[in-house]
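In what follows, a single structure is set out as structure tokens and then discussed.
Just so it is clear, none of the values below were taken in a lab; they were calculated from the coordinates. Remember, it's a predicted structure, so these values are computed and weren't measured experimentally. In this analysis, Cβ positions are derived from the backbone assuming ideal geometry, glycine residues included, and neighbour counts consider all displayed protein chains.
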Amino acid sequence: MNKEIFFAAGCFWGAQHFFAQVQGVREAVAGYANGRTGGEEGTVAPTYEDVYTDKTGFAETVKVVYDAQKTSVQELVSLFFEIVDPTSVNRQGGDVGTRYRTGVYYTDAAERSVIEAVFEEEQQRQSAPLVVELEPLHNFFPAEERHQAYLDKNPGGYCHVPLKTFRYLRLYQDLRLLLEGESDAVARMANTAALIAEWMHFFWTGFYRVSPDGKELVLGPFQGPTACFRIGFGKGVCGTAWKNRQSVVVPDVEQFPGHIACSAASRSEIVVPVFGKSAEVTAVLDIDSTDIGSFDDVDARWLEKLAALV
């Protein structure tokens, strides 16, 4: 059964390109939503030039038509939060104006509580209040043909969504399919490390597992050169992520107090905790790069989604 949901996520070129690649999405259409032109009811289609004035109230929006048997509104709203700054008012990337505000617009009132639950989960991850609109869809008009599939027509065109986001999306979807049906934790970690390495080409990608006595991390499945066998609780980047129960992004490992140098070639690092069913940390996902400043919040969010699959 096909359903639809509408996302205002800043410039619609990148948002359309993103949602068109989500498994289960049948159609992604760039357009204008929840504005007024030709009267208060907004019954006349605006032009891009009209919307660009910021006087119509329309937001650049993507209509997403999806197969409800292959994906869900929860999944789509969760992915929406991966391509926006939900605490920024009328601004996404370098784009400024009310036409670039963020919003989720629904056509089925029964979905509101489901969407609100995703909003609440996202709010827990943010230090500032969310400023994303959550409203019924009032109107939607497809944008001009030149704006449809813009990045397919113009591969070098402007996009406020970081390019690595698209790689992470494909990686996330491939990993979810790959892990389906496998219950062994070590096997899941092994193929997760392999797939991340295949897609992202990091210097070192692997897992450290919490030992049975809960006192240290023990080397698990990995891709890359030889590594440290064991790391203590709270020691180094891995032990710190375990102790603090949150991801740690290190732009320059030489500046991290107590860094454990398993390889002199490692220059920057990110470590993400893996949680078990009882919300305890059971392992950490550790990734190293030979370049300084390789990782940021985009990497952290997507790697946390991958760790959740494990």
Next on the checklist: If each residue of separation counts as 0.36 nm, what is the full-extension length gain between ASN244 and GLN173 once their alpha-carbon separation is subtracted?
Outcome noted: 22.7 nm
Item to check | the range 77-146-the range 252-301 distance, computed between alpha-carbon centres (Å) | outcome: 30
Next on the checklist: Which of rounded, prolate or oblate describes the range 102-160 when judged by the alpha-carbon gyration tensor and an a/c cut-off of 1.5?
Outcome noted: oblate
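State the volume of the convex hull built on the alpha-carbon positions of the range 89-193, expressed per residue in Å³ and rounded to an integer. Walk me through the numbers on the way to the answer.
Values: hull volume 20.6 nm³, N = 105.
Hull volume over Cα atoms, normalised by residue count, gives 196 Å³.
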Checklist entry - When the chain is fully extended, how far beyond the present Cα-Cα distance does TYR52 get from VAL96, taking 0.36 nm per residue of separation? => result 14.8 nm
Checklist entry - If you place +1 on the Cβ of every Lys and Arg and -1 on the Cβ of every Asp and Glu, how big does the dipole about the Cα centre of the chain come out, in debye to the nearest 20? => result 580
Checklist entry - If you take the charge dipole of the chain about its Cα centre, with +1 on Lys and Arg Cβ and -1 on Asp and Glu Cβ, which of SER127, PRO212, ALA279 is farthest toward its positive end? => result PRO212
Checklist outcome for this item: Interchain or sequence-distant (5+) residues whose placed amide H lies within less than 5 Å of the amide H of PHE275 are THR282
Checklist entry - Considering only the chain, what is the antiparallel percent among its DSSP beta bridges, to the nearest 5? => result 90
Item to check | Prolate/oblate/rounded call for the range 189-310, Cα gyration tensor, a/c under 1.5 rounded | outcome: rounded
Next on the checklist: If amide hydrogens are placed 1.01 Å from N in the peptide plane, which non-local residues have theirs closer than 5 Å to the one on ARG267?
Outcome noted: SER289, THR290, ASP291
Checklist entry - From the phi of every residue in the range 111-116, what ³J(HN,Hα) in whole Hz does the Karplus formula 6.51 cos²θ - 1.76 cosθ + 1.60 yield, where θ is phi - 60° and glycine or proline is x? => result 7, 4, 5, 5, 5, 4
Checklist entry - Which order, highest average first, do 263-270, 226-233 follow once you tally other Cβ atoms within 10 Å for each residue and take the mean per peptide? => result 263-270, 226-233
Item to check | No Cys partner within the rule (Cβ under 4.7 Å), the chain | outcome: CYS11, CYS159, CYS238
Checklist outcome for this item: From the Cα centre of the range 1-24 to that of the range 226-243, the distance in Å is 39
Checklist entry - Short version: ³J(HN,Hα) in whole Hz for each residue of the range 216-223, in order, from phi by Karplus 6.51 cos²θ - 1.76 cosθ + 1.60 (θ = phi - 60°), x for Gly and Pro, what are they? => result 7, 9, 10, 3, x, x, 8, 10
Checklist entry - Using the Cα gyration tensor of the range 259-310, with a ≥ b ≥ c the square roots of its eigenvalues, what is the shape: rounded (a/c below 1.5), prolate (a/b larger than b/c) or oblate (neither)? => result oblate
